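Have a look at the structure below before the remarks.
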Amino acid sequence: MIKTLRIFLVMLFMTAAGFFYKVTYKGNNIPYFYQSDGATTVGTTKHSKVTAEDFLSGGNNIIFLETSERLQLPSLVLCAIESAAQVYPDRSVVVFMKGLNHTNAEDQEKVLSHYPSLLSLDNIHIFPLIMEDIFNNTPLFNWYKKINTTLETHWFHVSSDGCRLALIWKYGGIYMDTDIISMRPIPHMHFLAGESNQYSSNGVFGFSAQHNYTWTCMENFVQNYNGNRWGHQGPHLFTRVLKTMCTLPDFNNTEDIMCGKIYFLNPDRFYPIKYYSWQKYYTVWRKLPTFNESYALHLWNYMNRNHKSMLPGSNTLVEHLYQQHCPNTYALLQRNESIYI
């Protein structure tokens, strides 16, 4: 009785927020989401079947990956998702979470209601991350079936490197790491993000579906696989493939570089603060930077070994970024309310 009442209250809350999701499974743990058509009420059966492919097939997506098992997403991850949904209101923001494979039916039904800062944004969609499905029909499938993940030193990162390539090759759109705060739309379809002169990041990139660059990267991923070297399947891979396509000049001021029809974007677009200065995001600035040349900011969470976080009232740079670009998440933290329920 208590369980039934809890589910009903969640359904009522989500309907009041403007949408309702119910998740069931149909063979091999493939999720099917039933979304109301806007005219139905709690308890009706007038639903249309919705899958991840329905949102991704248009090619105009923003994709995030959570390849850990965690469901209680840190505020920075929620800020990244919220800021992207705010900046790209006409695009689907699709989040794949590995931890959803192991939740029970009740958790699946209320997946979005766990994140109150995201509830008001109707372009966010969350699905389980099932690697076998993602890698299917790509050069990564046989590699994935053969690899012994228990022997992999950097599996968390390597699996994420592979998933982002396969998803963008299959469906197109923009991939972003979950420690990137979006500020304004990226105006290019085919782009890579320069981290420095002659070096490409794989933390944010965009291509149309079935683009030759992403296919070549997947082939190179398998042919030159080295799971013991951090970044070899990620930024190093992107850099070595890009350099087979053209000779890269050094960046000049804030100008971007063209490599054929691919934009190699200036480091100021996403990396105006370098990895060795990542702590500047968590300090107080006498004069706040404008980041006028940036589309988004990468906060280098991989470097954040001491788990620094945004603290309301700290007057740090990261607090100002939260206030401006993920106000829902910031408001919950400021009121000392839970960001995961």
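The values are calculated or read from the model by the stated rules, or taken from the named source; none is laboratory data. Keep in mind that what you see is a predicted model, and the values were worked out from it rather than measured. Virtual Cβ from ideal backbone geometry, glycine too; neighbours counted across all protein chains shown. Accessible surface areas use protein heavy atoms only, side chains included; no ligands, DNA or RNA. Shrake-Rupley method; radii C 1.70, N 1.55, O 1.52, S 1.80 Å.
Send over a whole-number figure in Å² for the accessible area per residue of region 215-275, probe 1.4 Å.
Numbers: 2960 Å² over 61 residues.
The answer is 49 Å² per residue.
How much of ASP250 can a 1.4 Å solvent probe reach, expressed as accessible area in Å² and rounded to 10?
The value for ASP250 is about 90 Å².
Any idea of SER196's accessible area? Nearest 10 Å², probe 1.4 Å.
Accessible area, nearest 10 Å²: 50 Å².
Quick one: pull the percent of accessible area on region 156-272 belonging to carbon and sulfur, 1.4 Å probe, ligands and nucleic acids left out. Show your work: numbers first, answer last.
On the way: 2120 of 4320 Å².
Percent of accessible area from carbon and sulfur atoms in region 156-272: 49.
Which GluC sites (Glu not before Pro) in region 275-341 pass both tests, a DSSP loop state and at most 15 other beta-carbon atoms within 10 Å? Don't skip to the answer; put the middle values down first.
Numbers: sites: GLU293, GLU319, GLU337; in loops: GLU293, GLU337.
Answer by residue number: GLU293, GLU337.
How much accessible area per residue does region 49-104 have, counting only protein heavy atoms and a probe of 1.4 Å, in square angstrom? Before the final figure, lay out each step's value.
Numbers: 1920 Å² over 56 residues.
Here the residues of region 49-104 average 34 Å² of exposed surface.
Only residues of region 274-309 count here: report those whose backbone N is under 20 Å from the spot 7 Å along Cα→Cβ of TRP230, or say none.
Flagged as within label range: 274-282, 298-309.
Sort ARG184, ARG229, ARG269, ARG91 from largest to smallest accessible area, using a 1.4 Å probe on the heavy atoms of the protein chains. Mind dumping the intermediate values first?
Values: ARG184 80, ARG229 125, ARG269 25, ARG91 45 Å².
Sorted by accessible area, descending: ARG229, ARG184, ARG91, ARG269.
Can you give the local net charge around ARG269? Use residues other than it whose beta-carbon is closer than 15 angstrom to its beta-carbon, Lys and Arg +1, Asp and Glu -1.
-4
Calculate, for TYR340 and THR247, the FRET efficiency according to 1/(1 + (r/R0)^6) with r their C-beta to C-beta distance and R0 45 Å; round to the nearest 0.05. Don't skip to the answer; put the middle values down first.
On the way: r = 48 Å, r/R0 = 1.06.
That pair, TYR340 with THR247, gives E of 0.40.
Could you state the orientation-averaged shadow area of the convex hull built on the Cα atoms of region 225-282, in nm² to one decimal? Walk me through the numbers before you get to the answer.
Working: hull surface 21.8 nm².
For region 225-282, the mean projected area of the Cα convex hull comes to 5.4 nm².
So, counting K/R as plus one and D/E as minus one, what does the shell of residues with Cβ under 12 Å around TRP155 add up to? Don't skip to the answer; put the middle values down first.
Values: positive: LYS98; negative: GLU152, ASP161.
So the surrounding residues net to -1.
Can you give the net charge of the other residues whose Cβ lies under 9 Å from the Cβ of HIS298, counting K and R as +1 and D and E as -1? It would help to have the intermediate numbers written out before the result.
On the way: positive: none; negative: ASP177, ASP179, GLU195.
Residues close to HIS298 contribute a combined charge of -3.
In what sequence, largest accessible area first, do VAL87, VAL284 appear using a 1.4 Å probe? List each step's numbers first, then the result.
Details: VAL87 30, VAL284 90 Å².
From most accessible down to least: VAL284, VAL87.
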